[in-house]
Amino acid sequence: MNEFVDIYVIYGLTQMQILVNGEERFYSEKEKYMKSKLLKELNSTGFTLRISCTKRTNLLVKSLIITEYDEVPAIIHSNADLPKPLTSNEAVVVGQKPKFESCISLLPNEIRNEIIKMDSFLRSLSPLKFKRQIEKYGNKITYLASDYGFSYALYPSNDVMHHSLSWYIITNSKPEFWHRKADMMEETLKRLDETSTELAERMFSNLTECIACRPCSVKTIYEFNGKKKLVCHGKMEFKMCVSDFKDVRTFIDTVNAICRSAYKDCVY
């Protein structure tokens with residue numbers, strides 16, 4: 001972070017390699033593109049290069065060089081034991097069922113306390129009734145308010161630390177029948193705008209834009225104050241910082257208030 005590095009990504013027909021400051025960090029002979037029936041045709045046509053960052057990350061590119069090979073690129077594999085991606089939360093003992101406390105035990109105290117506060121807050125709400133689920137490797141903690149089709153998810157694992165919320169998409173059928181139980185995103189943003197335009201604008205900016213990474217059936221268009229966004233899965237993502245946790249609680253409290261009003265109208 002905060003310094004320039006030389007990154008080489010080399011795509012060959014049968015090999016792929018990533019070098020960082022000359023050091024091999026990744027090598028593979030089994031990438032999906034190598035097996036694609038379209039590879040020969042697309043390779044002769046040419047590919048598009050895209051660079052994207054995690055939400056609210058700044059990237060400064062000092063120089064960019066693209067080299068097209070007429071022959072197979074000369075990839076020299078080091079045969080060293082390269083670091084393997086972690087598949088489970090380091091805080092969870094392998095073979096044991098992950099528990100809430102253990103999943104967040106390696107996080108900084110400030111962030112761990114915010115997650116504990118969030119857990120208590122979510123499980124106290126009504127009519128939103130959140131149930132907590134923990135992924136078997138401890139990489140994800142999900143809170144589901146299934147009556148309203150709303151979810152909040154924490155990713156507290158290793159080098160992947162963020163949280164998100166959305167009115168989730170039900171995908172247990174053919175793509176043309178995928179749907180949501182509800183979607184109060186625009187209504188919630190409008191309600192927030194009544195008391196704090198700054199907060200509403202900030203939450204709208206946290207929506208994760210679709211970058212067309214693949215053909216997709218779960219893109220969602222949201223509009224707020226004359227602006228539109230095409231949003232990946234309809235998700236709103238946040239950083240692991242105190243201010244973002246506070247924003248999430250305010251947002252979800254507003255959702256709960258809207259649901260409470262609707263519930264009272266139904267009762268009467």
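The values are calculated or read from the model by the stated rules, or taken from the named source; none is laboratory data. Remember, predicted model here, so these are calculated numbers, not experimental data. Every residue, glycine among them, receives a Cβ derived from its backbone with ideal geometry; neighbour counts consider all protein chains shown. The area values use the complete protein model at the heavy-atom level, side chains included, leaving out ligands, DNA and RNA. Shrake-Rupley method; radii C 1.70, N 1.55, O 1.52, S 1.80 Å.
Tabulated data for the structure shown
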{"quantity": "Any hit, the stretch 228-237, residues being open to solvent by 80 Å² or more (accessible area, probe 1.4 Å), at pLDDT 95 or above and part of a strand (DSSP E or B)", "calculated": "yes"}
{"quantity": "Filter result (in contact with a helix residue (DSSP H, G or I) (Cβ under 8 Å, 6 or more places away or on another chain) and among the aliphatic types (A, V, I, L, M)) within the stretch 128-152", "calculated": "L128, I134, I141"}
{"quantity": "Residues being touching a residue at least 40 places away in the same chain (Cβ under 8 Å) and of a type in the set (A, V, I, L, M) - total across the stretch 61-109", "calculated": "9"}
{"quantity": "Some residue of the stretch 147-167 being of a type in the set (G, A, S), assigned to a loop (DSSP other than H, G, I, E, B) and open to solvent by 20 Å² or more (accessible area, probe 1.4 Å)", "calculated": "no"}
{"quantity": "Candidates G234, G149, G226 - the one that is on the phi > 0 side of the Ramachandran plot, in contact with a strand residue (DSSP E or B) (Cβ under 6 Å, 6 or more places away or on another chain) and free of Cβ contacts under 8 Å to residues at least 40 places away in the same chain", "calculated": "G149"}
{"quantity": "Those residues of the stretch 25-52 which are within 27 Å of the chain's Cα centre (by Cα) and in contact (Cβ under 8 Å) with a residue 12 or more places away in the chain, in sequence order", "calculated": "R25, F26, Y27, S28, E31, Y33, M34, L49, R50, S52"}
{"quantity": "Flag for V218 being surrounded by fewer than 19 Cβ atoms within 10 Å (Cβ to Cβ) and under 15 Å from the mean Cα position of the chain (by Cα)", "calculated": "yes"}
{"quantity": "Positions within the stretch 129-146 being crowded, with 16+ Cβ neighbours inside 10 Å and aromatic (F, W, Y), in sequence order", "calculated": "F130, Y143"}
{"quantity": "Residue ID - farthest from G226 (Cα to Cα), chosen from residues in the stretch 168-210 that are in a loop (DSSP other than H, G, I, E, B) and of a type in the set (A, V, I, L, M, F, W, C)", "calculated": "W178"}
{"quantity": "Helices (runs of 4 or more DSSP H) within the stretch 28-128 that include 3 or more residues closer than 26 Å to N158 by Cα and open to solvent by less than 100 Å² (accessible area, probe 1.4 Å)", "calculated": "100-103, 109-122"}
{"quantity": "Among residues of the stretch 183-206, those that are in contact with a strand residue (DSSP E or B) (Cβ under 6 Å, 6 or more places away or on another chain) and not charged (D, E, K, R), counted", "calculated": "4"}
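Conditions (1) under 27 Å from S120 (Cα atoms); (2) touching a residue at least 60 places away in the same chain (Cβ under 8 Å); (3) not aliphatic (A, V, I, L, M), marked per residue:
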site: P175; (1), (2), (3): no, no, yes
site: T208; (1), (2), (3): yes, yes, yes
site: C216; (1), (2), (3): no, no, yes
site: F238; (1), (2), (3): yes, yes, yes
site: V242; (1), (2), (3): yes, yes, no
site: I252; (1), (2), (3): yes, yes, no
site: S261; (1), (2), (3): yes, no, yes
